[in-house]
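Trainee: One structure, pasted below without further comment.
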Amino acid sequence: MHTVAPLTNVALCRELAGRLATRRPHLPGIGVMHGPAGLGKSSAAVYAANEHDAYYIELAQIWGRKDFLAQLARLVGARTRGTAATLEMAIVEALAIEPRMVLIDEADHAFARGYEDSIRNIQKKTGVPIILIGEEALPMAVNRNERLAGMVLTWAPAQAATADDAEVLARLYAPQVRMSRDLTDRIASEGGGRIRRICVGIDAVRDWAEAEGLDAVDTDAWGNRPFWDVAPARVRRI
């Protein structure tokens, strides 16, 4: 079972999903969560999808419009064969019967490949909330499509992980090692607030503590050891 810690961006995505789910009928139904890679947006989106019994789909860079529609049709239980227009209508019909929120991760690819209007059409025809999740440039891509931008209810910029987040992650992923607050603060700071790097740093401390037979580590014990490899090892010439 995949565990999602109660982190800052999990709370932000939950709030975004909740606002869309409870909006008044006359309000637009698209939300946008955006920010640099590594901040835990995808994990937050999966958590929100589970909480709201929503559909979650992660776009692939190579998908075109029909690929996206076929995958979404499969997800919502609609037929997956036919033209792009046929697939889009099948999705609309399925969501009309069972209206559930849709979270679209890596949404930047939809704009790069030019099928964002299919997303707009689906939301407009069904009224189901749709959340787009992507990187820093996603708001600019959305705003270039005026009709789609006008359907956005709220924007949620993902936040850098805090020292509190690092402490939560340390308890979650290294429960056998007590890491001092000054050490988790340092991991968060040196990790640039990126969840992935913080997790790697925590894992490095855990491995070292286990090798040294320690059940508690603070900054003095850790010293100047790197949390991450600064550069790949050089290939040794023979």
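The values are calculated or read from the model by the stated rules, or taken from the named source; none is laboratory data. Values in this document were obtained by computation on a predicted structure and should not be read as measured data. We place every Cβ from the backbone using ideal geometry, glycine too, and count neighbours over all the protein chains shown. What goes into the accessible areas is simple: the full protein's heavy atoms, side chains included, and nothing from ligands, DNA or RNA. Shrake-Rupley method; radii C 1.70, N 1.55, O 1.52, S 1.80 Å.
Trainee: Which ³J(HN,Hα) values, rounded to whole Hz and listed in residue order, are derived for the range 107-113 from phi using the Karplus coefficients 6.51, -1.76 and 1.60 in 6.51 cos²θ - 1.76 cosθ + 1.60 with θ = phi - 60°, glycine and proline given as x?
Mentor: Computed from phi, the couplings for the range 107-113 are 5, 3, 5, 4, 6, 5, 9 Hz.
Trainee: Hey, another quick one. Could you size up the charge dipole of the range 1-132 around its Cα centre, putting +1 on the beta carbon of Lys and Arg and -1 on that of Asp and Glu, and report it in debye to the nearest 20? Walk me through the intermediate numbers first.
Mentor: Numbers: 15 positive and 13 negative charges, 65 e Å.
So the magnitude is around 320 debye.
Trainee: To the nearest 10 square angstrom, what accessible area does MET151 show with a 1.4 Å probe?
Mentor: Around 30 Å² of this residue is reachable by solvent.
Trainee: For the range 20-84, report the % of Cα-Cα distances exceeding 20 Å.
Mentor: Numbers: 972 of 2080 pairs.
Every Cα pair in the range 20-84 considered, those over 20 Å come to 47 percent.
Trainee: Can you list, largest first and rounded to whole Å, the semi-axes you get for the chain by taking the square root of 5 times each eigenvalue of its Cα gyration tensor? Don't skip to the answer; put the middle values down first.
Mentor: Values: eigenvalues 322, 75, 51 Å².
Over the Cα atoms of the chain, the ellipsoid semi-axes are 40, 19, 16 Å.
Trainee: Turning to a different aspect of this structure: Top to bottom by accessible area (1.4 Å), largest first, where do HIS52, HIS109 land? Walk me through the numbers on the way to the answer.
Mentor: Working: HIS52 60, HIS109 40 Å².
Output order, biggest surface exposure first: HIS52, HIS109.
Trainee: Here is a further query. Please compute the net charge surrounding GLN176, taking Lys and Arg as +1 and Asp and Glu as -1 over other residues with Cβ under 14 Å from its Cβ. Working shown, then result.
Mentor: Details: positive: ARG171, ARG178, ARG206; negative: ASP203, ASP207, GLU210, GLU212, ASP215.
Surrounding charge for GLN176 is -2.
Trainee: Let me ask something additional. Along the range 68-78, what does the Karplus equation 6.51 cos²θ - 1.76 cosθ + 1.60 (θ = phi - 60°) give for ³J(HN,Hα), rounded to whole Hz, x for Gly and Pro?
Mentor: 4, 5, 5, 5, 5, 4, 4, 5, 8, x, 9
Trainee: What is the projected area of the convex hull of the Cα atoms of the range 88-153, averaged over all directions, in nm²? Could you put the intermediate results ahead of the total?
Mentor: Details: hull surface 16.7 nm².
Its average projected convex-hull area is 4.2 nm².
Trainee: Which value in deg cm²/dmol, rounded to the nearest 500, describes the helix-derived mean residue ellipticity at 222 nm for the chain, given -39,500 (n - 2.57) per DSSP H run of n ≥ 4 and division by the residue count?
Mentor: Value at 222 nm, helices only, nearest 500: -15000 deg cm²/dmol.
Trainee: Using the heavy atoms of the protein chains and a 1.4 angstrom probe, tell me the accessible area per residue for the range 76-216 in square angstrom.
Mentor: Working: 6700 Å² over 141 residues.
Per-residue value: 48 Å².
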